[in-house]
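The values are calculated or read from the model by the stated rules, or taken from the named source; none is laboratory data. In this text, all values refer to a predicted model and were calculated from it rather than measured experimentally. Virtual Cβ from ideal backbone geometry, glycine too; neighbours counted across all protein chains shown. Note: areas computed on protein heavy atoms with side chains; ligands, DNA, RNA excluded. Shrake-Rupley method; radii C 1.70, N 1.55, O 1.52, S 1.80 Å.
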Amino acid sequence: MESGVPVCHTCGEHVGLNVNGEPFVACHECNFPICKSCFEYDLKEGRKACLRCGSPYDENLLDDVEKATGDQSTMAAHLSKSQDVGIHARHISSVSTLDSEMTEDNGNPIWKNRVESWKEKKNKKKKPATTKVEREAEIPPEQQMEDKPAPDASQPLSTIIPIPKSRLAPYRTVIIMRLIILGLFFHYRVTNPVDSAFGLWLTSVICEIWFAFSWVLDQFPKWYPVNRETYIDRLSARYEREGEPNELAAVDFFVSTVDPLKEPPLITANTVLSILALDYPVDKVSCYISDDGAAMLTFESLVETADFARKWVPFCKKFSIEPRAPEFYFSQKIDYLKDKVQPSFVKERRAMKRDYEEYKIRINALVAKAQKTPEEGWTMQDGTPWPGNNPRDHPGMIQVFLGYSGAPDIEGNELPRLVYVSREKRPGYQHHKKAGAENALVRVSAVLTNAPFILNLDCDHYVNNSKAVREAMCFLMDPQVGRD
């Protein structure tokens, strides 16, 4: 972007320059940014119209690309017969990339070096025929990586799986029968009014029409249901390339709670732990806890949760634990030794379960202590009174427990950011609803992380799939589907 060349909306690479040295433009109607490699891929698949506006591509541009593609395929055939045609997959995609791949860093052609190495081998003693493994070992690692198939980043990140009509036909038949019966019912109701109670009859008919209309709206998605499949490997190939900065979008998680005596802190803690242990880059995840009751119990339970997360998060990622809420994981009635080949798993699982039981004891002790509020109010460890002793009149409170400047896990790795937020409240203002708490979280997150996506969870909604965010990004970050 610093060079002024736009970025392709399909692969994320620069669109490149044409013969005149200007940025490559495929559609002159809407100037949709697409690189030449993706443009050639679309032509190969038979798509000759713009993805954004639907206008057909220029005939002269199509002819030039077809000629260039023919020349490149001829040159590529001399270089290798088995090279894949992938999008910027470090393979042959344009004349400039072809020239760069045919030469090494010092400017010598690769084929010339190979010929010289073959002559040297020929002058030596004849050896038995080398095996396939030995031949691969003779090739430099860089060239071996080029020959290995990689996930094609140009492919869509999700697809629609059609449902067989044989499965839909019975349900659609039932819907049609219900519509017929509903029509006959309304015909009877309208043609047989109750004169002795006309107002009551009219009110009931209006209510029945409203419920029928709501039911009809509910049948639209059921008439043509859609199943979708996501491709997380393609998402990683496009936005998590090795040696380049991670380009996955950041996500801010909002968890709301009010009264810790009605919403148990242990359940809220499990929700927080399942968020912190997500299979997603740690610098892209931030968890904000909204304590709208300004309870010291919620604050102290988050202190214990942050300390336990330093052990729980690396354990989940090391052994691919599912689900990653400890209360629900340890309560599963399954064979936890299945598909776990690490000898240390049994030992570490037992130690982690023991740590979690001790963590539960500390949380329950805090809950028991909070059952009776002292007359002078709660006091913090340094002797100062808790600012939220009056839940209707207190200043705003923000505390960052984990994150870039917080404590790392037990292995020294960075953890996602965990932030406690209790918005300011003053007498005479009606600011005790959840919408206002969410608004306060938006303001705080805009200053700290400002992620483009927000996932709002209740305190008792834990994440039961650690890859859920990645699957969501297959839709939200897709160059085509994401625009919708």
Practice prompt. Among residues belonging to the range 363-399 that are polar (S, T, N, Q) and out of contact with any Leu (no Cβ under 9 Å at 6 or more places or on another chain), point out the one that is modelled with the lowest pLDDT.
Written response: 389
Worksheet, complete the sentence: Just one listed residue, out of 368, 435, 351, is open to solvent by 60 Å² or more (accessible area, probe 1.4 Å), out of contact with any Cys (no Cβ under 6 Å at 6 or more places or on another chain) and over 24 Å from residue 286 (Cα atoms), and it is 368
Practice prompt. Check off (1) part of a loop (DSSP other than H, G, I, E, B); (2) closer than 27 Å to residue 311 by Cα; (3) open to solvent by 10 Å² or more (accessible area, probe 1.4 Å) for residue 256 and give me the number that stays unchecked.
Written response: (1)
Worksheet item: If you check every pair at least six apart or on different chains, which have Cβ atoms under 7 Å apart with a residue in the range 406-431 that is in the same structural domain as residue 305 (by the TED database) first and a residue that is among the polar types (S, T, N, Q) and modelled with pLDDT under 85 second?
Response: none
Worksheet item: Which helices (runs of 4 or more DSSP H) does the range 128-204 wholly contain that include 1 or more residues that are within 41 Å of the chain's Cα centre (by Cα) and modelled with pLDDT of 90 or more?
Response: 165-191
Discussion item. I'd like the residue in the range 208-237 that is outside any helix (DSSP H, G or I) and exposed (fewer than 13 other Cβ atoms within 10 Å of the Cβ) and, out of all such residues, is farthest from the chain's Cα centre (by Cα).
Written reply: 224
Worksheet item: Inside the range 420-435, can you point out the residues that are closer than 16 Å to residue 259 by Cα and not aliphatic (A, V, I, L, M)?
Response: 420, 422, 423, 425, 431, 432, 433, 434
Fill in: Selection within the range 400-415 - at pLDDT 80 or above and either closer than 19 Å to residue 299 by Cβ or of a type in the set (S, T, N, Q) (or both)
400, 401, 402, 413, 415
Fill in: From 331, 320, 274, residue being open to solvent by less than 10 Å² (accessible area, probe 1.4 Å) and under 32 Å from the mean Cα position of the chain (by Cα)
274
Item to complete: Kindly check whether there is at least one residue in the range 396-407 that is more than 25 Å from residue 309 (Cα to Cα), over 30 Å from the mean Cα position of the chain (by Cα) and not in a helix (DSSP H, G or I).
Response: yes
Worksheet item: Limited to the range 445-484, what total is found for residues that are part of a helix (DSSP H, G or I), more than 19 Å from residue 230 (Cα to Cα) and β-branched (Val, Ile, Thr)?
Response: 1
Discussion item. If I filter the range 451-469 for residues that are surrounded by fewer than 19 Cβ atoms within 10 Å (Cβ to Cβ) and on the phi > 0 side of the Ramachandran plot, do I get at least one hit?
Written reply: no
